[in-house]
Amino acid sequence: MSRIKIAFFDIDGTIIPIGTGKVPPRAEETLFALQKAGILVCIATGRGPMTLPHFPRFRFDVHLTFNGSLCYNDREEIYSNPLAHDEVMQVLANTQKMGRPISIAGRSYCVGNGSSPDLQQYFDIAHEELKIDPHFSEKISGEVYQIMLACTPEEYDEVLKGTVNTKPAAWWDRAIDLVPADCGKGTGVRKILEYYGFSKDEAIAFGDGGNDIEMFHEVGHSVAMGNAADNVKAEADAVCGSVDDYGACTYCETYLL
């Protein structure tokens, strides 16, 4: 493995066990060790800045949020790519016809126009609150980076009817995140590597979901979690233990530290 200068970590199902919402102390210790070894540590998540999990002691060097649509560090914004407003309104019209509520996320808010059992569970998995906002129509007229809604893969075409610059990013088969078509975790990784002047071979990524596959293709070494689906494992260079067994931590301790 080439000298690694930056490590990208998905969070839910990679660092944090699904359903717990708690950051394991061992995970923080491993991330600290990577920084001490001179490796930048980047969170790579579908979550927005306002819903990132709380790490009691650790601070990430770089943030890749909204599946790559908004990337930044402590000094400045690295990349920003919100959804086109006309396409946001088209998705709203489509989902209203389907009778499906949606939740939208901006830099400082995440609000919905209603709820459903699957959408509520989608938020529960990440230990986030699904907020229903009476001023939703005002929020949706602003800058929207991501749309979340409950649907199956068979319904993607209906949800996206009439759009050309929006695509799904999914890690669960009962709900999706909608992001700009020219974005995704892969785009975010490329922008961050360009910003720091790193090559693909100097980057490693860990993930467990379908939205991590694009990220795997943009780094020199990719690692799928043992709890990942088979199609995700097939796209990775290596497979480590499950999140419940601290697979990413063990891999880092074995090969990077």
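The values are calculated or read from the model by the stated rules, or taken from the named source; none is laboratory data. Not measured: the values here are computed from a predicted model. Note that we place each Cβ from the backbone using ideal geometry, even for glycine, and neighbour counts take in every protein chain shown. Just the protein is used for accessible areas: all its heavy atoms, side chains included, with ligands, DNA and RNA removed. Shrake-Rupley method; radii C 1.70, N 1.55, O 1.52, S 1.80 Å.
Observations
- When the range 24-64 is filtered for residues that are free of Cβ contacts under 8 Å to residues at least 60 places away in the same chain, closer than 14 Å to residue 189 by Cβ and outside any loop (DSSP other than H, G, I, E, B), the ones remaining, listed by number, are 41, 43, 63.
- All conditions but one from (1) exposed (fewer than 13 other Cβ atoms within 10 Å of the Cβ); (2) closer than 30 Å to residue 218 by Cα; (3) at pLDDT 95 or above; (4) not acidic (Asp, Glu) apply to residue 104; the one that does not is (1).
- Test: residue 87 is surrounded by 14 or more Cβ atoms within 10 Å (Cβ to Cβ), modelled with pLDDT of 95 or more, under 18 Å from residue 211 (Cβ atoms) and not hydroxyl-bearing (Ser, Thr, Tyr): no
- The residues listed here are 79, 122; of these, the one that is hydroxyl-bearing (Ser, Thr, Tyr) and under 30 Å from residue 194 (Cβ atoms) is 79.
- In the range 65-84, residue surrounded by the fewest Cβ atoms within 10 Å (Cβ to Cβ) [restricted to those that are outside any loop (DSSP other than H, G, I, E, B) and either at pLDDT below 95 or among the polar types (S, T, N, Q) (or both)]: 80
- Residue in the range 187-199 that is at pLDDT below 95, outside any helix (DSSP H, G or I) and farther than 18 Å from residue 86 by Cβ present: no
- Residue list for the range 28-47, restricted to those being crowded, with 17+ Cβ neighbours inside 10 Å and either modelled with pLDDT under 95 or of a type outside the set (A, V, I, L, M) (or both): 30, 42, 45, 46, 47
- Output for the range 16-27, where each listed residue is in contact with a Pro (Cβ under 9 Å, 6 or more places away or on another chain) and surrounded by 16 or more Cβ atoms within 10 Å (Cβ to Cβ): 16, 17, 23, 24
- Residues of the range 171-186 satisfying the condition of being part of a strand (DSSP E or B) and either open to solvent by 30 Å² or more (accessible area, probe 1.4 Å) or over 16 Å from residue 45 (Cβ atoms) (or both): 171, 172, 180
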